[in-house]
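The values are calculated or read from the model by the stated rules, or taken from the named source; none is laboratory data. Just so you know, these numbers come straight off a predicted model, no measurement behind them. A quick note on method: Cβ atoms are made from the backbone with ideal geometry, for glycine too, and the neighbour counts reach across all protein chains shown.
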Amino acid sequence: MEVVGKNPMSTTFDWSNCPLVESIPEKRSGAWVFRDSRTPVSVVFDNLEAGATIEEIMEWFHLTREQVSGVLSFAARSLDAPASRMALVDAHPVR
């Protein structure tokens, strides 16, 4: 399986804007975990990268589909370039 892209846990997302997760210094040394749990968010990305299915991740880590799809959606939206930073390119030559 070829993995394309970056693991969102290794990039600089502002996970504090995701209501499904929390970071508490006393819980998993402050790692981002699913709210009200000790399960690190990174298990989703690490296991998907290793070839696991969403259903397997849900079963192995006792997560709901809403939790898994929610962090995946948040990560996907975070990867989108803000509209103000996107440049429009005109392919027509200047005469």
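Structure summary
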read-out	value
Region 17-31 residues that are in a helix (DSSP H, G or I), paired with ones that are of a type in the set (Phe, Trp, Tyr) (beta carbon under 9 Å, 6 or more apart)	ASN17/PHE74
Selection count, region 25-50, where residues are out of contact with any strand residue (DSSP E or B) (no Cβ under 8 Å at 6 or more places or on another chain) and over 19 Å from THR64 (Cβ atoms)	6
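Let's see how each residue does on (1) at pLDDT below 95; (2) in a helix (DSSP H, G or I); (3) over 17 Å from ASP14 (Cβ atoms):
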{"residue": "ASP36", "(1), (2), (3)": "yes, no, yes"}
{"residue": "PHE45", "(1), (2), (3)": "no, yes, no"}
{"residue": "LEU72", "(1), (2), (3)": "no, yes, no"}
{"residue": "ALA76", "(1), (2), (3)": "yes, yes, no"}
{"residue": "ALA81", "(1), (2), (3)": "yes, no, no"}
{"residue": "PRO93", "(1), (2), (3)": "yes, no, yes"}
